[in-house]
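Working notes, beginning with the structure itself.
The values are calculated or read from the model by the stated rules, or taken from the named source; none is laboratory data. Owing to the predicted nature of the structure, the values given are computational and were not obtained by experimental measurement. Counting neighbours? That spans all protein chains shown, and the Cβs are built from the backbone with ideal geometry, glycine included.
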Amino acid sequence: MTDYAGRLRLGVNIDHVATLRNARGGAIPDPVRAAQLAEKAGADGITAHLREDRRHIIDSDIDRLMGTLQVPLNFEMAATEEMQKIALRHKPHAVCIVPEKREERTTEGGLEVAREENKLAGFIAPLREAGCRVSIFIGADERQIAAAHRIGAQVIELHTGAYCDAHAEGDFETRDRELEMMREMSAYAHSLGLEVHAGHGLNYETVTPVAAFPEVVELNIGHFLIGESVFLGLEAAIAEMRRLMDAARA
Ligand code: PXP
């Protein structure tokens, strides 16, 4: 496996290739083929979220991804017994615990860790023992980050959705406040020894300031890249994101 130490990693989320496939049923477009192309285009990892309702990625996609990927799989899942069993069967490189509500269109907020500390500590322990890096998808909130650290997570992924939404709505005051919070909380998480990732809603306009946070080592980006690939092709869409991330870091 390639060692990308030092470089900001790009995890490409392929969920929405599966959304498109599922809109018609059948097998195309194939998210595994998208993952293979993403690897070729310089993705450092592939992210896929197996939701309880299987609205995009389905179990056989995870089987095939585990069988074919050369780069690490970041398996996103809710903290349920069913998902824990699947993760323990596959032992992906990383498991990212996300909150999940059936009625939501996408993952709306970070995980509530502080109130569920004991339960989550018990939930992630076997995943860690199986060798998975455990990541918690979380808001830029000191209380939640401290709790993620206490339960034994190795990684936090900061939810960039509120920052991206504010940018899209032209509410630059909120956007800049969200960005500042994420900047402070990246440094705080890093000071605790947590590895810091970020993602949700990032695009070519919003990626640069987040990619510039020195503590952030990985961005996970999906919906925008899959949408942009309709116009540019997947490899070109990823290459442009890669270029922007590297430029932000330079
Ligand atoms: N990171 C996490 C934890 C997510 O849940 C998602 C969405 O599934 C992403 C990153 C990617 O978000 P987007 O598809 O908006 O780029």
Item to check | the range 196-239, residues that are in contact with a Leu (Cβ under 9 Å, 6 or more places away or on another chain), of a type in the set (Val, Ile, Thr) and closer than 19 Å to residue 31 by Cβ | outcome: 221, 226, 238
Next on the checklist: It is to be established whether one or more residues within the range 126-134 are part of a strand (DSSP E or B) and within 15 Å of the ligand (Cβ to nearest atom).
Outcome noted: yes
Checklist outcome for this item: Of 205, 235, the only residue that is more than 19 Å from residue 113 (Cα to Cα), part of a helix (DSSP H, G or I) and at pLDDT 95 or above is 235
Next on the checklist: Going by what's in this entry, would residue 247 be described as crowded, with 20+ Cβ neighbours inside 10 Å, touching a helix residue (DSSP H, G or I) at 6+ places or on another chain (Cβ under 8 Å) and of a type in the set (Gly, Ala, Ser)?
Outcome noted: no
Checklist entry - Taking residue 225 and the conditions (1) farther than 17 Å from residue 47 by Cα; (2) within 14 Å of the ligand (Cβ to nearest atom), which numbered condition does it fall short on, given that it satisfies the others? => result (1)
Checklist entry - Inside the range 194-212, can you point out the residues that are crowded, with 23+ Cβ neighbours inside 10 Å and either basic (Lys, Arg) or away from the ligand (no atom under 12 Å from the Cβ) (or both)? => result 196
Item to check | Exclusive hit being in contact with a Pro (Cβ under 9 Å, 6 or more places away or on another chain), in a loop (DSSP other than H, G, I, E, B) and surrounded by 21 or more Cβ atoms within 10 Å (Cβ to Cβ), set 46, 62, 57 | outcome: 57
Checklist outcome for this item: Expected output for the range 176-191 (first residue farther than 14 Å from residue 212 by Cβ, partner aromatic (Phe, Trp, Tyr) and part of a helix (DSSP H, G or I), Cβ below 8 Å, 6+ apart or cross-chain) is 178/163
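Looking only at the range 62-77, how many residues end up being within 14 Å of the ligand (Cβ to nearest atom) and of a type in the set (D, E, K, R)?
Narrowing the range 62-77 to residues within 14 Å of the ligand (Cβ to nearest atom): 73-77.
Next, from what is left, pick out any that are of a type in the set (D, E, K, R): 76.
Final tally of qualifying residues: 1.
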Checklist entry - Does any residue in the range 144-164 that is closer than 16 Å to residue 183 by Cβ come within less than 7 Å, Cβ to Cβ, of a residue that is within 15 Å of the ligand (Cβ to nearest atom) and aromatic (Phe, Trp, Tyr) six or more places away or on a different chain, and which pairs are these? => result 157/137; 159/137
Next on the checklist: Being of a type outside the set (A, V, I, L, M), within 16 Å of the ligand (Cβ to nearest atom), more than 17 Å from the chain's Cα centre (by Cα) and on the phi < 0 side of the Ramachandran plot is true for just one of 80, 47. Which residue is that?
Outcome noted: 80
